[in-house]
Structure formats: C-alpha cells, structure tokens
Amino acid sequence: MKIVVLFSAGRHPASGAPCPVPVELQALRLARDLAGADEVIGLHAGPVDGAPLDALGHGLGRLIHLRMAQGDDPLPALAQVLEELAPDLILAGRIGQGGEDGGLLPYALARRLGRPILADAASLGAGDDGTLTVEQALPRGARRRVVLRLPALLTVHPAAAPALPFTFAAARRGTVERRDIAPAPAAASEMEERAYRPRPKLIARAAPGASAAERLKAATQAASSGGRLLVDPAPEEAAREILAHLRGIGVLRRRG
Amino acid sequence: MSRLRRDPRAEREAMRIAGGARPRFSREASLPVSARPRRDPRAEIEALLVPGGTRPRLDRLSRGGVRPVRDEATSPSESTVQTRIVTEPAFLVAVVPDAPGGRLTPLDRQLFGAAHLLAAGGGAVLALAEPGHDDLAGVGADRVGPLAAVADYDPEARAAAVAQALESLNIRHALFAETAEGGDLARRVAARLGEPLFAGAESLTPKLVTRPARGRRVEQRRAPPRLVSLVADSVAPYGGASCEARAVELPAPVPTTGAILSAEIILADPATVPLGEAEFVVSAGNGVSDIPSFLDLARALRATPGASRMLCDAGLMPRAAQVGASGTVLGATCYLALGIAGAPQHLQGITGCEHVVAVNTDLHAAMVERAGLAIIADAHAVMPALIAALEDEP
Ligand SMILES: Cc1cc2nc3c(=O)[nH]c(=O)nc-3n(C[C@H](O)[C@H](O)[C@H](O)COP(=O)(O)OP(=O)(O)OC[C@H]3O[C@@H](n4cnc5c(N)ncnc54)[C@H](O)[C@@H]3O)c2cc1C
C-alpha cells in the first residue's frame with residue numbers, strides 16, 4: 001500500500017521557530033505502522049523546507065519538496081503531484097499550525113482529486129480487498145469505527161498514537177527530492193492581519209441591567225435550570241424521579 | 001430660577017376656535033409639549049411588585065428590563081403578541097446546528113445569537129436541521145429548512161444537502177459550529193462550493209469577524225464572508241422574542257455514492273475516560289460513607305465516578321477523581337452529586353455542566369440551589385434504590 005503524508009510548514013506556537021506539526025508526525029507513524037517504512041512518502045509544498053525536514057528524523061524515508069514562492073497557492077501543485085504518485089492513501093494533519101490554520105486544504109484537495117475524505121483518524125487497520133478500517137476519534141473519548149473503500153484521504157487526530165522519537169541517524173539517512181513547480185499565485189483575499197489579541201470569553205449570561213452581585217453569581221454558579229425539589233421522598237420514588245430526569249436529558253445509556 | 005407666571009386669559013384666547021356665534025375652545029392644541037415622558041408612579045410601583053406572597057413586596061433591583069408577569073390570565077395574550085415574524089426577509093442567514101441526537105448544544109444556541117446579529121436589518125434566520133429537533137422557534141429560528149435525515153454516518157451526503165440548500169436559497173451567510181462534527185461539515189461544504197471558509201471565528205459582528213492564525217500569533221479580520229464557523233462562547237445566545245420557525249421547501253437531495261461501507265460507534269468506557277472529558281459524572285461528597293456502594297452505582301449508571309475534596313483528602317477516592325477548582329474542571333453534560341454541600345471551590349468545577357442533580361439531606365445546601373433536580377434524602381437510602389431500579393429495567 002502506497003501512502004503519502006502531507007507536511008505543512010509548521011511553526012512553534014510559542015517561539016515561532018519552524019518545527020513540524022505534532023499531529024503530522026503522528027500521521028507519519030500511523031502510515032509506517034500500516035504500510036512499512038518503504039511505502040511512505042512525505043510531500044510538502046512551500047518556500048523553504050525547514051520544518052518538514054525534521055520529519056525525516058521521525059521515520060520518514062523520502063520527502064518530496066515542491067518549491068514555490070511565499071504566498072502561492074499550494075493546492076494545484078499538490079494535486080498534480082498526487083495524481084502522478086497515485087497513492088492508495090493520503091494522510092494529513094487535522095489543522096496546520098503556523099499558516100492559515102483553517103484546516104481547509106485537505107478537503108479542497110480531496111475534492112480536487114475526487115477522493116472521499118474522513119476526518120479525525122485515531123488508528124488505522126488494513127481491511128480486505130482494498131478497504132481500510134479507520135477508528136475515528138469523537139469528542140468525549142468515544143470512537144467510531146468506519147470501513148472505507150480506498151483510495152481515500154484522511155486527516156489525523158491528536159488522539160492517535162504518539163509520534164516516533166527523533167533520531168539523528170534517520171534524519172541523515174532520509175532523502176529529499178526537490179522539484180520546482182509553476183507559480184500559482186493565490187487569489188487575493190481581503191483578509192487583514194494584526195497582532196493577536198485574546199478575546200474575552202463569554203462566561204455567563206446575566207441580564208443586561210443586572211447588578212454586580214448578580215453578574216458575579218451568574219459567572220460563578222451558572223444558570224440553574226429552574227430546579228425541581230423533592231423533600232423526603234421514599235427512596236424508590238427518588239430513584240424513579242432521578243432516572244426519569246436522567247433519561248430526559250439523554251445521558252443514561254441502555255445496557256447491553 | 002423662578003417659574004414663569006401663567007397668564008390664564010392669554011391661554012384661553014389661544015384655545016379659542018375661530019368662527020361660530022358661541023365661543024368654543026379646544027384643549028388639544030394647547031397641551032404642553034415636553035420631550036420628557038411623563039412619569040407614572042403607579043405603573044412603576046406595579047412593575048416592581050414581586051409576584052406571590054400576601055404582603056406586597058417591591059424589587060427595586062430590577063431596572064425595568066424584564067417585567068415579572070403578575071397576572072396569569074393576561075400572560076398568554078401577551079406572549080402571542082411577542083412572536084417575532086419576518087414575512088418578507090431581504091436575505092437569509094443560515095445556521096447549521098450540530099445538535100447531536102436532536103438536542104441543541106450551548107454552542108448551537110450561540111450560533112443562533114450570532115445569526116441574529118448578522119440578520120439585523122431585514123434578514124431572517126434559517127435553521128438547516130434534520131427534523132425532530134427540540135424547540136427551534138424558542139432559540140431563534142425564523143425559518144426551518146428540513147434536511148433529509150441521513151440514516152447512517154455519511155458526512156458527504158449531509159454536506160451535499162447543505163451545499164444545495166445554500167445554493168438554491170438566497171443565503172447571505174451560513175454559520176457552522178467549530179466542533180469535530182460541525183467543523184468537518186463546514187469544510188466539506190466550503191470545498192463543494194469552492195468558497196473560502198472563515199474557520200474558527202472568535203468574534204463576530206455584522207461588519208467584522210476575527211480568527212487566530214499562524215499558531216495564534218496573528219489575528220485575521222475581515223467583513224463576514226458567506227461561510228463562517230464559530231468557536232464556543234464567543235457570542236451570546238439569542239435572547240429575544242420567540243420566532244415563528246416556519247418551514248421552507250428545500251430541493252430534493254441528490255443521491256451520492258459514498259465510499260463509507262459501514263460505521264459503528266464505540267462508546268467510551270466510562271471507567272477509563274478522563275474525568276474532564278466524561279459526559280456523565282456521578283460524584284460523592286462527605287455525606288457518602290459507603291464508597292463501594294457508590295462505585296457500584298457509578299458502574300450501574302455507566303457514569304464516571306468523581307468526588308469532592310473531602311473524600312480525596314481522606315484517601316477514600318483517588319486524587320484524580322477530585323472535582324473542583326483544585327481538581328478537575330468538568331465538561332460533562334450531567335452531574336449527579338451525592339452528599340455534596342456545594343462549596344464555591346467545588347461549584348467552580350461544574351460551571352460547565354448543563355444539568356445537575358443533587359441528593360442531600362440539607363435543604364439549604366448550595367448544591368441543592370444549583371441543581372435542576374434536588375432530592376432531600378439520605379444518599380445511603382437512595383443509592384441502593386437507584387441500583388435496584390436500574391437492575392429492574394429491561
Ligand atoms: C484552596 C481551596 C481549594 C479547594 N478546592 C476544592 C476542590 O477543588 N474540590 C472540592 O470539592 N473542594 C475543594 N475545596 C474544599 C471545599 O471548600 C469544601 O470543603 C469541600 O468541597 C466540601 O466537600 P463536601 O461537600 O463533600 O463536604 P461537606 O461540606 O462536609 O458537605 C457534606 C454534605 O453532605 C450532606 N450529607 C451529609 N450526610 C448525608 C447523607 N447521609 N445523605 C446525603 N447527604 C448528606 C450534608 O448535608 C452536606 O451538605 C477547596 C478548599 C480550599 C480552601
């Protein structure tokens with residue numbers, strides 16, 4: 001099985017220095033565990049190859065670097081090379097770190113290549129005759145096991161197995177193939193950029209004219225949902241009421 | 001400054017209606033015109049009256065905003081008047097709520113609040129949701145577009161239906177929830193329409209949306225584009241009058257052939273899921289001394305066990321189970337508190353919980369006040385009864 005892992009030009013969130021995005025290294029590990037080291041190719045499109053080079057040390061044997069100017073649209077170049085390589089599986093990070101950070105590229109790429117896309121893979125297993133079993137990470141620790149027909153594109157969730165450790169020898173051994181591609185300037189956007197300023201989070205809804213004491217209460221106690229009070233019920237009645245209430249909320253699962 | 005002296009004769013002359021044999025006067029033209037509205041002390045007192053009780057009580061803290069409804073007989077007619085009706089919307093703002101299992105999440109409600117911000121000036125809010133949702137009118141949907149229910153897990157079919165609805169109706173903005181499910185849908189729709197998505201907006205006004213980028217080092221801002229996904233707790237939920245939630249016709253969905261052959265959900269094991277991620281937490285406090293029975297109850301309810309600091313300090317429960325300011329802050333939907341007084345440090349851990357159920361012997365405990373359902377009873381009697389009731393059912 002041939003697998004291509006997409007690497008973005010990651011930056012460290014604190015220092016701003018180039019560094020690989022952790023979830024992409026996890027994707028690399030998933031790919032290696034599934035197909036073996038020789039079948040995995042890394043692909044990166046960008047001006048410099050600083051961050052993705054580190055992926056070589058984390059177990060990537062071969063990296064293809066598509067050189068393009070700063071601010072170009074990587075989508076056409078990636079699509080062209082991926083059509084050429086025709087891998088069975090493409091893995092990408094969930095959301096980049098250091099660029100636009102919108103997480104839209106894998107979807108646009110999947111659309112362009114006409115492949116199905118599945119988000120948030122946490123573990124992969126090969127199925128029979130061209131299928132793949134994917135465990136998808138859902139919120140609150142749940143998983144969804146999906147059987148998928150290949151070829152496909154998957155994004156990887158941070159709940160996947162941790163990345164392989166960096167080894168210097170592996171980083172030396174890995175090869176990088178640089179290709180120049182036709183420039184594809186990105187469409188002009190009306191986006192304006194400023195230094196980031198954290199926005200206050202909405203904590204609780206106090207009525208617009210409420211007093212300071214009321215606002216404090218709303219912020220620390222949250223809204224009580226117009227409570228019902230049962231004083232000294234029989235234990236059986238209390239149990240019945242609690243179960244009915246829990247069932248109404250929908251948190252009680254049927255057993256079995 | 002002294003008051004102007006009145007001249008009654010001149011005032012009378014000004015009121016005279018010309019013509020006719022008999023003198024005639026009209027008071028209408030001469031009423032004093034003042035910019036300040038006249039106070040009505042009786043109505044003001046009336047508005048401050050707290051309902052119930054035999055003695056009249058005045059609540060001077062409420063500054064006019066919400067008037068308590070005193071007379072039950074008049075309230076229905078008032079509420080029918082208070083429905084927001086948009087007959088001919090100039091444009092539509094679509095909301096695509098996540099609504100797992102037909103229940104709106106707090107973020108879904110905030111999406112409606114954001115949509116009402118964008119719909120100001122003649123727009124209407126359209127909810128694109130599968131049928132069978134709770135109260136879309138109450139949370140602020142002027143229109144409801146029923147999406148065809150997707151039986152199995154097929155995100156691409158849902159995205160196709162949403163994209164088709166966006167194409168066919170005159171929709172100016174579409175708002176998605178930036179969660180695992182909603183974010184995935186938003187990106188699929190954006191890729192389908194070939195439009196940019198403003199992903200993870202952190203603030204939103206009709207003129208400006210902002211989002212973090214480059215590892216949260218810069219803030220990108222622009223006028224709201226068509227597709228926006230919103231993070232939690234950035235916009236207040238809609239709090240106005242109830243809307244009409246009129247159904248609109250959507251085009252029939254085009255069948256798609258998905259690559260997904262099968263999908264099954266594997267529920268998280270409540271015993272091993274981290275406390276902060278758990279959906280349903282049962283927690284014991286100093287009022288519970290029978291810990292094995294409590295753990296049995298947690299297992300029977302399939303909930304994650306938690307505890308107050310008293311139990312953790314006493315070594316009866318592991319420290320990892322502590323809920324509160326110096327323990328774990330929960331993200332649970334529901335919290336069942338057994339014998340917990342509800343100290344502020346403990347309540348801080350459950351501010352995010354939508355539903356709280358309390359069992360306590362003390363009627364005046366803070367936890368009882370916080371709870372949606374409070375049982376004043378001995379926890380040691382209720383716990384076995386709960387276990388028995390759970391075993392009885394099929
Ligand atoms: C700096 C600081 C940080 C703290 N952080 C935390 C924290 O993170 N988490 C935390 O939980 N606490 C924390 N605390 C401690 C907190 O202030 C309270 O002391 C603690 O939460 C009280 O726990 P409790 O409600 O279980 O016990 P109690 O206050 O003893 O309350 C017991 C309750 O159980 C009821 N009860 C008694 N018998 C029964 C029965 N048979 N059936 C039913 N109900 C019964 C009683 O009516 C009472 O309401 C912190 C304190 C400090 C100073």
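The values are calculated or read from the model by the stated rules, or taken from the named source; none is laboratory data. Only a predicted model underlies this, so the values are computations on that prediction, with no experimental measurement involved. All Cβ positions, glycine included, derive from the backbone under ideal geometry; neighbour counts span all protein chains shown. Keep in mind that these areas ignore ligands, DNA and RNA; they rest on the heavy atoms of the full protein, side chains included. Shrake-Rupley method; radii C 1.70, N 1.55, O 1.52, S 1.80 Å.
Note on B:LEU316/A:ARG149: beta-carbon distance plugged into 1/(1 + (r/R0)^6) with R0 of 60 Å gives a FRET efficiency of 0.70. Considering only B:VAL95, B:THR328, B:PRO8, the residue lying farthest towards the positive end of the dipole of the protein assembly as shown is B:PRO8, judged by Cα position with unit charges set on Cβ. Placing R0 at 30 angstrom, the Cβ-Cβ distance between B:ASP269 and B:ASP152 gives a FRET efficiency of 0.80 after rounding to 0.05. Taking every residue in A:61-68 and counting other chain Cβ atoms within 10 Å of its Cβ, the average works out to 0. Each Lys or Arg adds one and each Asp or Glu takes one away; over the other residues whose Cβ falls under 12 Å from the Cβ of A:ARG194, this sums to +3.
A crude spin-label estimate for the pair A:LEU230 and B:ALA223, with each label 7 Å from Cα along the Cβ direction, gives 5.7 nm. Hey, if you put +1 on the Cβ of every Lys and Arg and -1 on every Asp and Glu Cβ in the protein assembly as shown, which of B:SER234, A:ALA14, B:LEU185 ends up farthest toward the positive end of that dipole? Positive-end residue among those listed: B:SER234. Buried surface for the A/B pair, taken as the accessible area of each chain alone minus that of the pair with a 1.4 Å probe, is close to 7600 Å² in total. Shape analysis of chain B places it in the oblate category; the axes a ≥ b ≥ c from the Cα gyration tensor give an a/c of at least 1.5, with a/b not above b/c. Electrostatic bookkeeping for B:ILE171 treats Lys and Arg as +1 and Asp and Glu as -1; over the other residues with beta carbon under 15 Å from its beta carbon, the sum is 0. Segment A:137-176 and segment B:225-247 have Cα centres spaced 35 Å apart. In terms of the Cα gyration tensor, with a ≥ b ≥ c the square roots of its eigenvalues, is segment A:2-180 rounded because a/c is under 1.5, prolate because a/b exceeds b/c, or oblate? Because its axes are fairly even, with a/c under 1.5, segment A:2-180 counts as rounded.
Percent of C-alpha pairs per 20 Å bin in the protein assembly as shown, short distances first: 15, 41, 30, 9, 3, 0. May I ask for the net charge around A:PRO151, where only other residues with Cβ less than 10 Å from the Cβ of A:PRO151 are counted and Lys, Arg are +1 while Asp, Glu are -1? That works out to +2.
Solvent-accessible surface (1.4 Å probe) assigned to A:MET1 amounts to roughly 80 Å².
Under the definition of partner shielding as Cβ atoms of other protein chains within 10 Å of a residue Cβ, what is the mean value for peptide B:381-391?
5
Each of A:ALA195, A:LEU56, A:ALA27 was placed along the dipole of chain A (beta-carbon charges, centred on the mean Cα), and the one lying farthest toward the positive end is A:ALA195. Each residue was assigned an accessible area with a 1.4 Å probe, and for B:THR54 the value is about 150 Å². Rounded to the nearest 10 square angstrom, A:LEU25 shows an accessible area of 10 square angstrom against a 1.4 Å probe. Rounded, prolate or oblate: which fits segment A:86-198, taking a ≥ b ≥ c as square roots of the Cα gyration tensor eigenvalues, rounded meaning a/c under 1.5, else prolate when a/b beats b/c? Note, shape of segment A:86-198 comes out rounded.
Rounded to the nearest 10 degrees, the inclination of helix B:180-193 to the longest alpha-carbon principal axis of chain B is 70 degrees. Its Cα centre serving as origin, the protein assembly as shown has a Cβ charge dipole (Lys and Arg +1, Asp and Glu -1) of approximately 3120 debye. Principal-axis analysis of the Cα atoms of chain B puts helix B:106-118 at an angle of about 30° to the longest axis. Between the Cα long axis of helix A:75-85 and the first principal axis of chain A there is an angle of about 60°, rounded to the nearest 10.
The magnitude of the dipole of segment B:184-298, with charges of +1 and -1 set on the Cβ of Lys/Arg and Asp/Glu and taken from the Cα centre, is near 1140 debye. If R0 is taken as 51 Å, the Cβ-Cβ distance between B:ARG6 and B:LEU49 corresponds to a FRET efficiency of 0.85.
Using only Cα atoms, locate the centre of segment B:351-394 and the centre of segment A:1-26, then give the distance between them in Å, rounded to an integer. When both Cα centres are located, 48 Å separates them. Spacing of the modelled spin labels on B:ALA137 and B:ARG216, each 7 Å from Cα toward Cβ, amounts to 4.2 nm. Of the residues A:LYS2, B:LYS207, A:LYS201, ranked by 1.4 Å probe accessible area with the largest first, the sequence reads B:LYS207, A:LYS201, A:LYS2.
Overall, chain A carries a charge dipole of about 820 debye about its Cα centre when +1 sits on the Cβ of Lys and Arg and -1 on the Cβ of Asp and Glu, all other atoms neutral.
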